[in-house]
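Here, each number is a calculation from the coordinates, and none is a lab measurement. This is a predicted model, so every value here is computed, not measured. Here the Cβ positions follow ideal geometry from the backbone for every residue, glycine too, while neighbour counts run over all protein chains shown.
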Amino acid sequence: MDAIVLLDYAGVAVFAATGALAASRKQLDLIGFIFLAAVTGIGGGTLRDLILGVPVFWVIQHLYILVCVTAAIAVFFTAHLLESRYKLLLWLDAIGLAAYCVFGAYKGLLFTGSPVVAVVMGVLTATFGGILRDVLAEEPSVLLRPEIYVTAALTGAVVYVLLTVFGVPLFVAALLAFLASFAVRGGALAFGWTFPRYRSRPGRAPEDIP
Amino acid sequence: MDAIVLLDYAGVAVFAATGALAASRKQLDLIGFIFLAAVTGIGGGTLRDLILGVPVFWVIQHLYILVCVTAAIAVFFTAHLLESRYKLLLWLDAIGLAAYCVFGAYKGLLFTGSPVVAVVMGVLTATFGGILRDVLAEEPSVLLRPEIYVTAALTGAVVYVLLTVFGVPLFVAALLAFLASFAVRGGALAFGWTFPRYRSRPGRAPEDIP
Amino acid sequence: MDAIVLLDYAGVAVFAATGALAASRKQLDLIGFIFLAAVTGIGGGTLRDLILGVPVFWVIQHLYILVCVTAAIAVFFTAHLLESRYKLLLWLDAIGLAAYCVFGAYKGLLFTGSPVVAVVMGVLTATFGGILRDVLAEEPSVLLRPEIYVTAALTGAVVYVLLTVFGVPLFVAALLAFLASFAVRGGALAFGWTFPRYRSRPGRAPEDIP
């Protein structure tokens, strides 16, 4: 159980850091850092808990909020040391994605018992924090980037659910699923892995359509 | 009852297809198609169920997820055959809007008994899936297009609620409301119907305001 | 109790008016005005109630919907009289922010008893309506503007929670917190108050990062 809780806190902390990095790219003030860090850090899990119909995690345990505040302050005072904040944002986002797709699938399976719902829950909640961050900070959407993204969340959620269904202990299943997800997204970032894309032609602007 | 359930699945399927068409315009991979299809297909209904405080429909019945996956795969392999994916997107969105405004009003009336809340629920949930799609895919917002849009959802919801209040059987009320909504939005798409718009002057950018 | 209910209705009405002003800047029709007014007016409170796990306020009492409709109609027929709709939008947004951060903190404290959660609830719900408005109307995000914004919501929520914890009567605490929040945001708007911002350098576009 402890390992899965650690994964949860780790996911919140690194997603919060990505929110703070987006704030630094927009040159916000410290409160803006904390706001974007909190929304990114707790956004995915909030959606997960609302959909599952369980009490929202940070309303029950407000330590999560303090984790976000700490991450935001740390980034505020250290982001200038980095050569590329956006690259760090993408890599931390990859860690958060891997942590959250496993934790989302874990919680989805725990409360619904349905493998399909657990996988959807893992994917939705792993990606939603980053989506919120990109929309709120008007950053280029990580969802629309060419390299594999959603697939990494899907991999982690599917691996976790399959291993659990086959009776693998929680700790091992969570660790392997986390590593599988991070390997997919990390490989995509490092080597530009992509899937065959729909290539026929890009969309036209509405006014160019006869 | 069967007719209204059919309306629900039809709404999910066509909204999912619009999400997949948006994905094709952004040249995403198959998983990206499925993700956008699922978010668009189940987004409006998820908001509806959260606000009504009832279990989220696809957590109870995961067939809805499979409908979205199927729609996404079908679009992935056929979208290149279309001359204008954006036009099809708008027309399918019109069908989804008509189906969802009726189903949203039906469920809102069922669970709250308030005609006002039922109408609001119909409108919000019929438009929210498309809004999510446009924000996530960075598409031009269907909400801000010149032709009538929200009004079509309002028409369907109001017609359904009025007919039901006057004792018209569920099947007839749902069918007439669906047709009324689709006629309004379809007419707007085909003939460019608009309402008198607020015309005084467009908004200026913040930096141009003295 | 009456004072706090008044604050709630005032918050909904002025946020609704800002939504309608955004609609006028986009030259939408009357139904578009009502839609954006309603989403902005009830969006923040809806998120608050969902997270707190209590029935959504406008599902229980649909007078809130009628307040939004009235505000939208009033703006539709008077917005042309204004010299700068965007300035009015910002000032009404400041009033709504001040009203909602106090009401959000009040309701958060009432239902969770946790000061930390109450403050977060006040800030999130005060800012969420405006965020929704800006995203849906494709307006420049008020969140990313240079002057102090989130801090004003934070001030109101913290003042309310502190005064309440120290036993100050509800009416006095709510009034002082409202005034504190409005003073901070109003000062920021009038005099361009800012906090030290993260200044190292703005974010680069992803394609410019080596």
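Computed values, structure above
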quantity: Of the DSSP H helices in chain C, those whose Cα atoms cover at least 30 Å axially and whose Kyte score averages 1.6 or more; calculated: C:30-52, C:115-136, C:170-191
quantity: Shielding by other protein chains, C:52-62, mean Cβ within 10 Å; calculated: 5
quantity: Sorted peptide list for A:24-31, C:21-28, A:122-129, criterion being average Cβ within 10 angstrom, highest first; calculated: A:122-129, C:21-28, A:24-31
quantity: Top positive-direction residue, dipole computed over the protein assembly as shown with Cβ charges, set C:A74, A:H80, B:A3; calculated: A:H80
quantity: Per-bin percent of Cα-Cα distances, segment C:14-71 [10 Å]; calculated: 27, 48, 21, 3
quantity: Surface/4 of the Cα convex hull for segment B:1-119, nm²; calculated: 7.3 nm²
quantity: Euclidean distance between Cα centres, segment B:31-88 to segment C:101-145, Å; calculated: 29 Å
quantity: Estimated dipole of segment A:58-210 in Debye, rounded to 20 [Cβ of Lys and Arg +1, of Asp and Glu -1, Cα centre]; calculated: 280 debye
quantity: Cα-derived Rg to Rh of chain A, Kirkwood definition; calculated: 1.00
quantity: Percent of alpha-carbon pairs separated by more than 49 Å within the protein assembly as shown; calculated: 6 percent
quantity: Mean ellipticity per residue at 222 nm, deg cm²/dmol - from DSSP H runs of n ≥ 4 across the protein assembly as shown, formula -39500 (n - 2.57); calculated: -25500 deg cm²/dmol
